[in-house]
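Engineer: I'd like to ask some things about the structure below.
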Amino acid sequence: MQVSTIHITFFSALLSAIMSAVLVPLILRLSHRFGWYDVMDYRKVHTEDVPRLGGVALFWGFFVCQLVLAFGLGIIPLSSPLLFLLVGFLFIHLLGLVDDFRNIPALGKLLGQIAAGVFVVIGGAQIRGIELPLASSALDFSIWAGPITVFWLISISNAINLIDGVDGLAGGISLIAAASMGIIHVVNGNVIGVLYSFTLVGAAAGFLVFNHPKARIFMGDSGSLFLGFALGSLLFLEDPGFAGIHLTSRAFLLPSITILLLPIFDTVASILRRIRQGRPIHSPDREHLHHKLLDFGFSVRYILLLECSITAISGAAAVFWAVSRISDRIPVVAGEIVMVCSWVFVGGFFVLVHFLNSRRKRLAEAE
């Protein structure tokens, strides 16, 4: 990266962090005045009224910064289809904001997510294929690239929404994931990807100032749905002004999954659990990973540290994979082995927690 790009990236991250942090106190004041609080129920950890609209500050910290880069500084070309991404991000944020107030039915929410995903696909952030690990073959998605991308974006959006259950968790995991993706873009030389990634890091950091334990504000669906969509698209951003990118977007599905392993495993486990119990897959419960860890007696701070550390390990594995793809000193197979090992590590952790939790329940019932 050129020095000027480093400066612009730092400016972008700092500006989004400041804007996000400055907007939160205003939202807090309005929330306390009008009673915009998160609804308490048996699944929630908090025991008092906490405002739920922190996602507004998080989103606008990111969004305004991107507008400054595009219209103010001209860093992002005005004719670039990347601007469609901002429309998609705005749409999904507004969808989540309406849901925070009105509780949109599951079907309506799904249709809204599909519409937002279409905007992202039009913007060019598409999953065009997948390179299989430890194999020389690759699969091109061809005409299915668009639908698969929309499905991916919806899945990650809901995955981040599902882990938003304890103070700082969704924001902390998203910050680490965005930083990992930003470093991969640095390795790959994709300036647009770097700017988007670290702007998101800054926005999440500014919000976490008020969301870390004990949280003064929650992000709500307006924040979690946006974060999921943004994270789902970051590694598939193509820089139209840079033709020398080492790796194309076809290579990035596996590292994207690797970085987001924790929320993905939690979502898959939730779907399988609800199918097994004969309930709709969108029905809420108190069986997510953070709920199980809470039932084991771990504190919110410990759970936050544990899950963020696991995400950091996954992110480091994905970054090592990216370095191995362009390095003359590190074999490509070494990067792929490290990435597969991270899958085994996170998967093993989930299986261990599942069986220990089942054992805990059996012992509790026997008493």
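Engineer: Do we have any residue at all in the stretch 329-343 that's under 20 Å from ILE176 (Cα atoms), among the aromatic types (Phe, Trp, Tyr), within 20 Å of the chain's Cα centre (by Cα) and open to solvent by 70 Å² or more (accessible area, probe 1.4 Å)? Quick ask: steps written out before the conclusion?
Structural biologist: To start, the set of residues in the stretch 329-343 that are under 20 Å from ILE176 (Cα atoms) comprises 335, 338-343.
Applying the additional criterion that residues be among the aromatic types (Phe, Trp, Tyr) yields 343.
Next cut, within 20 Å of the chain's Cα centre (by Cα) only: 343.
Then keep just the ones that are open to solvent by 70 Å² or more (accessible area, probe 1.4 Å); that gives 343.
Looking for residues that are under 20 Å from ILE176 (Cα atoms), among the aromatic types (Phe, Trp, Tyr), within 20 Å of the chain's Cα centre (by Cα) and open to solvent by 70 Å² or more (accessible area, probe 1.4 Å), one finds at least one in the stretch 329-343, hence yes.
Engineer: Does ILE183 satisfy being surrounded by fewer than 24 Cβ atoms within 10 Å (Cβ to Cβ) and modelled with pLDDT of 95 or more? Steps first, please.
Structural biologist: Working: surrounded by fewer than 24 Cβ atoms within 10 Å (Cβ to Cβ): yes; modelled with pLDDT of 95 or more: yes.
Criteria met by ILE183.
Engineer: Now, a different point. Only one of HIS290, HIS282 is under 30 Å from LEU107 (Cβ atoms), surrounded by 17 or more Cβ atoms within 10 Å (Cβ to Cβ) and touching a residue at least 60 places away in the same chain (Cβ under 8 Å); which? Please lay out each step first, then the result.
Structural biologist: On the way: HIS282 fails: surrounded by 17 or more Cβ atoms within 10 Å (Cβ to Cβ).
None of the others qualify; the one that does is HIS290.
Engineer: If you don't mind, there's one more thing I want to ask. Return only the number of the condition from (1) crowded, with 24+ Cβ neighbours inside 10 Å; (2) at pLDDT below 90 that SER142 does not satisfy.
Structural biologist: (1)
Engineer: Mind listing whichever residues of the stretch 344-367 are open to solvent by less than 90 Å² (accessible area, probe 1.4 Å), under 27 Å from ALA316 (Cβ atoms) and touching a residue at least 24 places away in the same chain (Cβ under 8 Å)?
Structural biologist: Scanning the stretch 344-367 gives VAL346, GLY347, PHE349, PHE350, VAL353, HIS354, LEU356.
Engineer: (1) open to solvent by less than 10 Å² (accessible area, probe 1.4 Å); (2) within 26 Å of VAL87 (Cβ to Cβ); (3) of a type in the set (A, V, I, L, M); (4) modelled with pLDDT of 90 or more: which one isn't true of LEU237, the others all being true?
Structural biologist: Unmet for LEU237, out of (1) open to solvent by less than 10 Å² (accessible area, probe 1.4 Å); (2) within 26 Å of VAL87 (Cβ to Cβ); (3) of a type in the set (A, V, I, L, M); (4) modelled with pLDDT of 90 or more: (4).
Engineer: Just one of (1) hydroxyl-bearing (Ser, Thr, Tyr); (2) modelled with pLDDT under 90; (3) surrounded by 15 or more Cβ atoms within 10 Å (Cβ to Cβ) trips up THR258, so point out which.
Structural biologist: Only one criterion in (1) hydroxyl-bearing (Ser, Thr, Tyr); (2) modelled with pLDDT under 90; (3) surrounded by 15 or more Cβ atoms within 10 Å (Cβ to Cβ) is unmet by THR258, namely (2).
Engineer: Select from the stretch 278-305 the residues that are touching a helix residue (DSSP H, G or I) at 6+ places or on another chain (Cβ under 7 Å), part of a helix (DSSP H, G or I) and within 12 Å of ASP266 (Cβ to Cβ) and list them in ascending order.
Structural biologist: Result: LEU289, HIS290, LYS292, LEU293.
Engineer: Still on this structure: Just for the stretch 265-279: of the residues that are polar (S, T, N, Q) and at pLDDT 90 or above, which one is least open to solvent (accessible area, probe 1.4 Å)? Full working, then the answer.
Structural biologist: Taking the stretch 265-279 and keeping what is polar (S, T, N, Q), we get 267, 270, 277.
Of the ones still in play, those that are also at pLDDT 90 or above are 267, 270.
On the way: THR267: 21, SER270: 1 Å².
Only one residue fits best here, namely SER270.
Engineer: Further question on the same structure: So is GLY193 more than 20 Å from ILE18 (Cα to Cα), open to solvent by less than 10 Å² (accessible area, probe 1.4 Å) and part of a helix (DSSP H, G or I) or not?
Structural biologist: Details: more than 20 Å from ILE18 (Cα to Cα): yes; open to solvent by less than 10 Å² (accessible area, probe 1.4 Å): yes; part of a helix (DSSP H, G or I): yes.
Yes: the conditions hold for GLY193.
Engineer: Hey, among GLY165, GLY123, GLY117, GLY129, which residue is under 16 Å from the mean Cα position of the chain (by Cα) and open to solvent by less than 10 Å² (accessible area, probe 1.4 Å)?
Structural biologist: Residue meeting the stated conditions: GLY117.
Engineer: Hey, could you check the stretch 17-51 for residues that are outside any strand (DSSP E or B), in contact with a strand residue (DSSP E or B) (Cβ under 9 Å, 6 or more places away or on another chain) and under 15 Å from ASP164 (Cα atoms) and say which is modelled with the lowest pLDDT?
Structural biologist: Once the filter is applied, the top-ranked residue is ASP38.
Engineer: Checking LEU134 against (1) free of Cβ contacts under 8 Å to residues at least 24 places away in the same chain; (2) open to solvent by 50 Å² or more (accessible area, probe 1.4 Å); (3) assigned to a loop (DSSP other than H, G, I, E, B), which test does it fail?
Structural biologist: Condition not satisfied by LEU134: (1).
Engineer: Note down all Cβ pairs under 8 Å where the first residue falls in the stretch 17-37 and is closer than 9 Å to ALA57 by Cα, the second is of a type in the set (Val, Ile, Thr) and assigned to a helix (DSSP H, G or I), and they're at least six residues apart or on different chains.
Structural biologist: Short answer, once both residue conditions are applied: MET19/VAL64; ALA21/VAL209; LEU23/VAL56; VAL24/VAL209; ILE27/VAL56.
Engineer: Search the stretch 2-12 for residues being closer than 20 Å to ALA230 by Cβ and open to solvent by 20 Å² or more (accessible area, probe 1.4 Å), and hand back the single one that is modelled with the lowest pLDDT.
Structural biologist: Residues of the stretch 2-12 that are closer than 20 Å to ALA230 by Cβ, as a first pass: 8-12.
Keeping just the survivors that are open to solvent by 20 Å² or more (accessible area, probe 1.4 Å) gives 8, 10-11.
On the way: ILE8: 88, PHE10: 91, PHE11: 91.
Per the stated criteria, the residue is ILE8.
Engineer: Is there any pair linking a residue in the stretch 215-240 that is under 15 Å from SER197 (Cβ atoms) and part of a loop (DSSP other than H, G, I, E, B) to one that is of a type in the set (Val, Ile, Thr) and open to solvent by 10 Å² or more (accessible area, probe 1.4 Å), with Cβ under 9 Å and at least six apart or on different chains, and which?
Structural biologist: From the stretch 215-240, the pairs are GLU238/ILE245; GLU238/THR248; ASP239/VAL191; ASP239/ILE245.
Engineer: Shifting gears a bit: So, ASP99, is that one acidic (Asp, Glu), out of contact with any His (no Cβ under 6 Å at 6 or more places or on another chain) and open to solvent by 20 Å² or more (accessible area, probe 1.4 Å) or not?
Structural biologist: Numbers: acidic (Asp, Glu): yes; out of contact with any His (no Cβ under 6 Å at 6 or more places or on another chain): yes; open to solvent by 20 Å² or more (accessible area, probe 1.4 Å): no.
So ASP99 fails the test.
Engineer: Since ILE148 meets every condition but one in (1) open to solvent by 10 Å² or more (accessible area, probe 1.4 Å); (2) in contact with a helix residue (DSSP H, G or I) (Cβ under 7 Å, 6 or more places away or on another chain); (3) in a helix (DSSP H, G or I); (4) closer than 17 Å to LEU254 by Cα, which condition does it not meet?
Structural biologist: Answer for ILE148: the failing condition is (2).
The values are calculated or read from the model by the stated rules, or taken from the named source; none is laboratory data. Worth saying up front: this structure is predicted, and the values here are computed from it rather than measured. Glycine also receives a Cβ, built like all others from the backbone with ideal geometry; neighbour counts cover every protein chain displayed. Note: areas computed on protein heavy atoms with side chains; ligands, DNA, RNA excluded. Shrake-Rupley method; radii C 1.70, N 1.55, O 1.52, S 1.80 Å.
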